[in-house]
Amino acid sequence: MRTKETLFAFENIQTLLQYLYMDPDHCVKVDNDVTTLQIRMEEDGRFFARNLLFPDHPELNYTQEMTVPAMLSIIEQLKGKAPEQFPHAFQNRWEEIDSMTSMNLSLNKFNQR
């Protein structure tokens, strides 16, 4: 069933995708009950994941796994994780990502004019 909560959560999915797209070094770490994956996005929109238990192994193409439910789950996990870049400025990793993305987009829109 389609819910309003999911409808409004698409804004968060947009933010997640923009964050991953903005910089090749941007990534998110996700626990999947077996391991921790580090997920990043290529310039062409494909996703890749590194299994952090085996960091020397090649990355996996993770594009098909990045479904709407998966991205919503990632966002929920990020809300429960500590911030990484600015640990004293934000309450959680999602707030950090959301703020950094909003600031970057604002600067880019301003400079576009």
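The values are calculated or read from the model by the stated rules, or taken from the named source; none is laboratory data. Remember, it's a predicted structure, so these values are computed and weren't measured experimentally. Cβ placement follows ideal geometry from the backbone for every residue including glycine, while neighbour counts extend to all protein chains displayed. Remember, those area values only see protein heavy atoms, side chains included, never the ligands or the DNA or RNA. Shrake-Rupley method; radii C 1.70, N 1.55, O 1.52, S 1.80 Å.
The residues of segment 4-112 expose, per residue, 66 Å² of accessible area to a 1.4 Å probe.
Computed from phi, the 3J(HN,Hα) profile of segment 67-72 under the Karplus parametrisation 6.51, -1.76, 1.60 (θ = phi - 60°) reads 8, 4, x, 5, 5, 5 Hz, with x in place of Gly and Pro. The Cβ shell under 14 Å around Asn51 holds other residues with a net charge of -2, Lys and Arg each +1, Asp and Glu each -1. Label positions at Asn108 and Met22, each projected 7 Å from the Cα along the C-beta direction, are separated by 0.8 nm. Put a dot 7 Å past the Cα of Phe10, heading toward its Cβ, do the same for Thr63, and the two dots end up 2.2 nm apart. For the chain, with all protein chains in place and a probe radius of 1.4 Å, 53% of the accessible heavy-atom surface sits on carbon or sulfur.
Here segment 4-112 is treated with +1 on each Lys and Arg Cβ and -1 on each Asp and Glu Cβ, and its dipole about the Cα centre works out to around 200 debye. All C-alpha to C-alpha distances of the chain, sorted into 10 Å bins beginning at zero, yield P(r) values of 13, 43, 35, 9, 1 percent in whole numbers. Please compute the contact order of the chain in relative form: average sequence separation of alpha-carbon pairs under 8 Å and at least six residues apart, divided by the residue count, as a percent. About 19 percent, as a whole number.
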